[in-house]
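The values are calculated or read from the model by the stated rules, or taken from the named source; none is laboratory data. Quick caveat: nothing in here was measured; it's all calculated off a predicted structure. Here the Cβ is made from the backbone with ideal geometry for all residues, glycine too, and neighbour counts use every protein chain on show.
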Amino acid sequence: MFLSVFEMFKVGIGPSSSHTMGPMVAAARFLDLLRAQPFTAHGLRASLHGSLAFTGVGHATDRATVLGLAGLRPDTYDHAQAEALMASIRDTRTIHAEGLPPLHFDPLADLVFDFGPALPGHANGMKLMATDKQGDIILRETYFSIGGGFVMTEEELAAGKNTDDGAPVPYPFKSADEMLVMAKTSGKSIADMKRANELSRTPRDDLDTGVKRIWQVMNDCIDRGLARDGILPGGLNVRRRAHGIHQALLAERGLNQTAPHIINDWMSTYAMAVNEENAAGGQVVTAPTNGAAGVMPAVIRYWLDHVPGANPARVEEFLLTAAAIGGLVKYNASISGAEAGCQAEVGSAAAMAAAGLCAVLGGTPEQIENAAEIALEHHLGMTCDPVKGLVQVPCIERNGLGAIKAVSAASLAMRGDGQHLVSLDVCIETMRQTGADMSEKYKETSLGGLAVNVPNC
């Protein structure tokens, strides 16, 4: 099993990797499919199903789908260009995609929210269609946005998700137990094994440059979030809080009267800064998803700014270790809130961050596995119930608490020798089972929990 660090950590846009980035990626794939056809299409249609329908407006799924059909992609998204395209499509009811003729598309009529049962296969389903002059469908494809910006067609999903058809990698661990055995046999760290796997597919310079960019985008997102205040879009009138908290923390720094627990506020404000940017549709990195994008940057920033001896040169080790753990979670369970609740998003992010922090603190592979397990175990059962379908409440604060749990998990693991009762593999399987048993009301549909008990205004 191989999942690249660049698949786990994708540069994209908010507010959701599964509901914004995924549909945009799916639309881009459909354009490529359409370009390969021998016939000429004259129009486009789209339908959103399951969680993509129920929380699509709050997650800007409709907008992302339209922009994707117009040729925009998450990693190169430009807000000004997107605004101009949306205005043009609304006015002309026409999409101009590179390599294709002008295509009729009326956003109000040709994009449908289907509030019936979810499509078989996954809660995040969408159908994209091309039509002829008479409006008859001449090409149709079903896509599933399976979390973290990953997209699969109906056929790909049926063939087995998380499949990898590339060349073999040196350390093909599919479980935490296999990972620990390979680490012990080879004498390598988890990050070293992950790096070797990456280098079997990617040139060294590309790996180094790409990983540096991941952290740069994460860190820039923190800084933007700390600098901005105001009201977040969407109608809940949620105030940005990271800026004000950060200013207060800076003012308290020289007073020598700060209680030790205030360090938690630093971690929280770093995480909240990222997720406020995400809620505003800004540039973020899936880690492993947009809804959980603040946990890992917050823990890295905490380590760099507040832990003596932290070395920026080891951020790559942090990210590679975290990516190895995230790959295990995705392969054996899920990172999708619509599939398994927020335990799959913030829980997975906390496990990844705990593992990365434990690694750069000098933890052994066994201690790293323990750190990830502790963090994930204490998110088991966490629901995904966003108010008004927006990635704001409870998502923003939840990232702060996820970061705190990640740091605590790494610290606890470092106090032990790596021996513990519940293995990471058992915890991941428990998360998968818990997600399967969880009511659909609590899996990113906004039909239960806080979403129905907090006024949507």
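Does any residue of region 11-19 turn out to be outside the structural domain of Tyr143 (by TED's automatic domain parsing), more than 22 Å from Gly125 (Cβ to Cβ) and buried (at least 24 other Cβ atoms within 10 Å of the Cβ)?
Within region 11-19, not a single residue is outside the structural domain of Tyr143 (by TED's automatic domain parsing), more than 22 Å from Gly125 (Cβ to Cβ) and buried (at least 24 other Cβ atoms within 10 Å of the Cβ).
State whether one or more residues within region 128-142 are out of contact with any Asp or Glu (no Cβ under 8 Å at 6 or more places or on another chain), of a type outside the set (Ser, Thr, Tyr), farther than 25 Å from Leu424 by Cα and part of a helix (DSSP H, G or I).
No, the conditions are met nowhere in region 128-142.
For (1) touching a strand residue (DSSP E or B) at 6+ places or on another chain (Cβ under 7 Å); (2) free of Cβ contacts under 8 Å to residues at least 24 places away in the same chain; (3) closer than 17 Å to Asn275 by Cβ, each residue gets a yes or a no:
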position	(1), (2), (3)
Asp177	no, no, no
Leu180	no, no, no
Gly187	no, yes, no
Val211	no, no, no
Ala227	no, yes, yes
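Could you look through region 125-151, keep only residues that are of a type in the set (D, E, K, R) and crowded, with 17+ Cβ neighbours inside 10 Å, and pick out the one that is nearest to the chain's Cα centre (by Cα)? First the steps, then the outcome.
First pass over region 125-151, keeping only residues of a type in the set (D, E, K, R): 127, 132-133, 136, 140-141.
Still in the running and crowded, with 17+ Cβ neighbours inside 10 Å: 127, 141.
Numbers: Lys127: 22, Glu141: 24 Å.
Restricting to residues being of a type in the set (D, E, K, R) and crowded, with 17+ Cβ neighbours inside 10 Å, the top hit is Lys127.
Being of a type in the set (Val, Ile, Thr), loosely packed, with under 15 Cβ neighbours inside 10 Å and under 17 Å from Asp223 (Cβ atoms) is the filter here, so list the residues in region 233-262 that pass it.
Step one: of region 233-262, the residues of a type in the set (Val, Ile, Thr) are 238, 245, 258, 262.
Restricting the remaining residues to those that are loosely packed, with under 15 Cβ neighbours inside 10 Å gives 258, 262.
Of everything in region 233-262, nothing turns out to be of a type in the set (Val, Ile, Thr), loosely packed, with under 15 Cβ neighbours inside 10 Å and under 17 Å from Asp223 (Cβ atoms).
Provide a single number: the residues in region 99-124 that are out of contact with any Lys or Arg (no Cβ under 9 Å at 6 or more places or on another chain) and loosely packed, with under 14 Cβ neighbours inside 10 Å.
6
For region 416-446, give me each residue that is surrounded by fewer than 16 Cβ atoms within 10 Å (Cβ to Cβ) and either assigned to a loop (DSSP other than H, G, I, E, B) or touching a strand residue (DSSP E or B) at 6+ places or on another chain (Cβ under 6 Å) (or both).
Those that are surrounded by fewer than 16 Cβ atoms within 10 Å (Cβ to Cβ) and either assigned to a loop (DSSP other than H, G, I, E, B) or touching a strand residue (DSSP E or B) at 6+ places or on another chain (Cβ under 6 Å) (or both): Gly416, Asp417, Gln419, Leu421, Val422, Ser439.
Can you name the residue in region 190-209 that is surrounded by fewer than 19 Cβ atoms within 10 Å (Cβ to Cβ), touching a residue at least 40 places away in the same chain (Cβ under 8 Å) and not β-branched (Val, Ile, Thr) and is also nearest to Gly14 (Cα to Cα) among such residues?
Among those residues, the one meeting the criterion is Asp208.
Run down Glu373, Glu339, Glu377, Glu369 and say which single residue is crowded, with 24+ Cβ neighbours inside 10 Å, touching a Cys at 6+ places or on another chain (Cβ under 8 Å), at pLDDT 95 or above and charged (D, E, K, R).
After ruling out the rest, the residue left standing is Glu373.
Just to be sure, is Lys443 under 30 Å from Leu232 (Cα atoms), in the same structural domain as Glu277 (by TED's automatic domain parsing), touching a Gly at 6+ places or on another chain (Cβ under 6 Å) and modelled with pLDDT of 95 or more? Reasoning before the result, please.
Working: under 30 Å from Leu232 (Cα atoms): yes; in the same structural domain as Glu277 (by TED's automatic domain parsing): yes; touching a Gly at 6+ places or on another chain (Cβ under 6 Å): yes; modelled with pLDDT of 95 or more: yes.
It is true that Lys443 is under 30 Å from Leu232 (Cα atoms), in the same structural domain as Glu277 (by TED's automatic domain parsing), touching a Gly at 6+ places or on another chain (Cβ under 6 Å) and modelled with pLDDT of 95 or more.
Tell me, yes or no, whether region 258-280 has at least one residue that is within 23 Å of the chain's Cα centre (by Cα), touching a residue at least 60 places away in the same chain (Cβ under 8 Å) and part of a loop (DSSP other than H, G, I, E, B).
yes
Looking only at region 404-412, decide whether some residue is buried (at least 17 other Cβ atoms within 10 Å of the Cβ), touching a Gly at 6+ places or on another chain (Cβ under 8 Å) and either touching a residue at least 12 places away in the same chain (Cβ under 8 Å) or not acidic (Asp, Glu) (or both).
Within region 404-412, one or more residues are buried (at least 17 other Cβ atoms within 10 Å of the Cβ), touching a Gly at 6+ places or on another chain (Cβ under 8 Å) and either touching a residue at least 12 places away in the same chain (Cβ under 8 Å) or not acidic (Asp, Glu) (or both).
Output the number of residues of region 27-73 satisfying the condition of being touching a residue at least 12 places away in the same chain (Cβ under 8 Å), assigned to a helix (DSSP H, G or I) and under 17 Å from Glu98 (Cβ atoms).
Qualifying residue count, region 27-73: 12.
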